[in-house]
1. Considering region 1-57 alone, what residues qualify as being part of a loop (DSSP other than H, G, I, E, B) and of a type in the set (D, E, K, R)?
2. From the list ASP123, ASP51, exactly one residue is modelled with pLDDT of 95 or more, acidic (Asp, Glu) and within 25 Å of GLN176 (Cα to Cα). Which is it?
3. Could you please find all residues in region 78-96 being part of a helix (DSSP H, G or I) and in contact with a Pro (Cβ under 8 Å, 6 or more places away or on another chain)?
4. Given the criteria aliphatic (A, V, I, L, M), at pLDDT 95 or above and under 20 Å from GLY142 (Cβ atoms), does LEU232 qualify?
5. When only residues in region 55-77 that are in contact (Cβ under 8 Å) with a residue 40 or more places away in the chain and in contact with a helix residue (DSSP H, G or I) (Cβ under 6 Å, 6 or more places away or on another chain) count, which is surrounded by the fewest Cβ atoms within 10 Å (Cβ to Cβ)?
6. Pick out the one residue from GLY317, GLY309, GLY313 that is farther than 16 Å from LEU179 by Cα, in contact with a strand residue (DSSP E or B) (Cβ under 7 Å, 6 or more places away or on another chain) and in a strand (DSSP E or B).
7. Checking the structure you have, find out if any residue of region 224-231 is buried (at least 19 other Cβ atoms within 10 Å of the Cβ) and in a loop (DSSP other than H, G, I, E, B).
Amino acid sequence: MNRFARIAGVGRYVPARRITNAEIEEMLGEPVDQWLLEHTGIAARHVMAPDQVTSDLAVAAARHALEQAGLTPQDVDLLILATDTPDYISPGTSSAVQAKLGAVNAATFDINNACAAFVYGLDIAARYIATDPAYDVILLIGAYGMTRYLDWSDKRTCTLFADGAGAVVLVPGDRQGFLGGYLYADGSYWDHMGIYGGGTLARYDCPPTLRIRKRYPPDVNLEMWPRLVRGLMEKIGHEVADIDFILFTQINQPVIRAVMSDLGLPLERTHWIMDKWGYTGSACMPMALSDAIERGTGPAAGDLVVFCGSGAGHAMGAVAFRW
């Protein structure tokens, strides 16, 4: 019998503390609000409490997704955490999530493709379900605690990044859910943006911070996202026009608008959250999916749904599901 991975539950967690553009302006001592609204769409962002860490955000989103799926933590066979802001370097933060969540029957591992990790995680999780009957319930969590790594005097980063978590529950179905994935990377960008400390190359001599060392080409996502989506549609035997709902990495609203126009898709077939929650990296797409579903604008049964993301490194990917 064929096993087809489908998404059975979606959840999110948004930390309570909200920081507006006006507060960022006061902090920096210069105007940034209008530029942010015009160039990114970001009006506010949320940050985790001093006593919270990335695993706490992940657990909260996981509980929401499991509740939506009608499952318990004990039902989870595999827990995958997509993050580049772990609680610590080792062991994997997924172990802490498993313990805090009470998912005592779950195997665990972390994946780090920066902000593209959730898309890669969807591809991985779907293939586990398709190939191994031992995995009936897979919990995939995207969690982001990047504000812990910010230099709050650097307007290039403190204006954009935020904290949050999103999760999905994948289970086998009797009809095709996961349709395919299209993954790509260009490692020549490895030294452009990241947290360059704590590893074997650069140990912690001071608190590590997110650094933009080199600027990405301004059209990198404008070029690559349409290419990924078209490549994926060709791979799975569909036309771009067949897409009913599509989500992108939530860092730039104008770019999403431009890519939707390039693809010939109406804006009603996408959703964004950066305006109210800031940029939440590997958590942004499941958070956006959860928000769209809650608002009644998310995918309906039978819809062709695409997730397209990119992250530092430069890792990129797109995956498709039949909802």
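The values are calculated or read from the model by the stated rules, or taken from the named source; none is laboratory data. These numbers were taken from a predicted model, which means no experiment stands behind them. A quick note on method: Cβ atoms are made from the backbone with ideal geometry, for glycine too, and the neighbour counts reach across all protein chains shown.
1. If we filter region 1-57 for residues that are part of a loop (DSSP other than H, G, I, E, B), which is where we start, we get 1-3, 14-16, 29-32, 40-43, 48-53.
Residues satisfying the conditions are ARG3, GLU30, ASP51.
2. On the way: ASP51 fails: within 25 Å of GLN176 (Cα to Cα).
The conditions single out ASP123.
3. Initially, region 78-96 is screened for residues part of a helix (DSSP H, G or I), giving 93-96.
Of everything in region 78-96, just one residue is part of a helix (DSSP H, G or I) and in contact with a Pro (Cβ under 8 Å, 6 or more places away or on another chain), namely THR93.
4. Working: aliphatic (A, V, I, L, M): yes; at pLDDT 95 or above: yes; under 20 Å from GLY142 (Cβ atoms): yes.
Answer is yes for this residue.
5. Taking region 55-77 first, the residues in contact (Cβ under 8 Å) with a residue 40 or more places away in the chain are 55-71, 75-77.
In the following step, the residues that additionally are in contact with a helix residue (DSSP H, G or I) (Cβ under 6 Å, 6 or more places away or on another chain) were identified as 55, 58-59, 62.
Values: SER55: 26, ALA58: 33, VAL59: 24, ALA62: 31.
If we take residues in region 55-77 being in contact (Cβ under 8 Å) with a residue 40 or more places away in the chain and in contact with a helix residue (DSSP H, G or I) (Cβ under 6 Å, 6 or more places away or on another chain), then VAL59 is surrounded by the fewest Cβ atoms within 10 Å (Cβ to Cβ).
6. Details: GLY317 fails: farther than 16 Å from LEU179 by Cα; GLY313 fails: in a strand (DSSP E or B).
Only one candidate qualifies: GLY309.
7. no
Matching residues to (1) on the phi > 0 side of the Ramachandran plot; (2) out of contact with any Pro (no Cβ under 9 Å at 6 or more places or on another chain):
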{"site": "LEU140", "(1), (2)": "no, no"}
{"site": "VAL168", "(1), (2)": "no, no"}
{"site": "GLN176", "(1), (2)": "no, yes"}
{"site": "TYR182", "(1), (2)": "no, yes"}
{"site": "ASP186", "(1), (2)": "no, yes"}
{"site": "GLY198", "(1), (2)": "yes, no"}
{"site": "ASP219", "(1), (2)": "no, yes"}
{"site": "LEU228", "(1), (2)": "no, yes"}
